[in-house]
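Structure, as structure tokens:
Throughout, read-outs are computed from the coordinates displayed, never taken from laboratory work. Please read these numbers as outputs of a predicted model, since none were measured by experiment. Neighbour counts are summed over all protein chains in view; Cβ atoms, including those assigned to glycine, are modelled from backbone coordinates with ideal geometry.
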Amino acid sequence: MAREFLVPRSILTGSGALDAAAVTLQRMGKKALIVTDSMMVELGNCAKVEKVLADAGIHYTVFDRIGGEPTDLMVRDGLGQYKAEGCDFLIALGGGSPLDTMKS
């Protein structure tokens, strides 16, 4: 069965990229699921994303149970939180494992 995989049209990088992303994030939806790991939370990086979302009036919830290589159980649990919380878009924060989990 054929499947289509869509990727973002733009990627913001560099100094000030997070703040510049606020307008783009507002267009993506009303509530985000931030997919990350506990280290990003401990380092305060997740709090920075949360502040930008809150300042932009975007609701969010955090799924930070990514540890090591993503498993089908991590993806299932993240999807369950996404649905239960009424999210309509995703944000990945961290390295390859949060990114791969979010894409799944």
(request) Counting other Cβ atoms within 10 Å, keep those with at most 15, restrict to DSSP loop, and tell me which trypsin sites (Lys or Arg not before Pro) in segment 36-88 are left. (result) ARG65
(message) If amide hydrogens are placed 1.01 Å from N in the peptide plane, which non-local residues have theirs closer than 5 Å to the one on LYS30?
(response) ASP88
(message) Restricting to bridges with both residues inside segment 2-104, how much of the DSSP beta-bridge set is antiparallel, in percent to the nearest 5?
(response) 0
(request) May I ask you to evaluate 6.51 cos²θ - 1.76 cosθ + 1.60, the Karplus curve with θ = phi - 60°, for each residue of segment 89-101 and list the ³J(HN,Hα) values in order in whole Hz, giving x for glycine and proline? (result) 7, 10, 10, 9, 9, x, x, x, 5, x, 5, 5, 4
(request) State, as an integer percentage, the relative contact order of the chain based on alpha-carbon contacts under 8 Å between residues 6 or more apart. (result) 34
(message) Could you tell me the extents of the chain's C-alpha atoms along the three principal axes, largest first, rounded to whole Å?
(response) 36, 35, 28
(message) Using amide H atoms built in the peptide plane, which far-off residues or other-chain residues are under 5 Å from ALA92 H to H?
(response) VAL35
(message) Less than 21 Å apart at the alpha-carbon level, and either on another chain or at least 8 residues along: which lysines does that give for LYS83?
(response) LYS30, LYS31, LYS103
(request) Among LEU53, LEU73, rank each residue by its count of other Cβ atoms within 10 Å, from fewest to most, as a rough exposure measure. (result) LEU73, LEU53
(message) What's the magnitude of the charge dipole for the chain around its Cα centre, counting Lys and Arg as +1 and Asp and Glu as -1 at the beta-carbon? Answer in Debye, nearest 20.
(response) 360
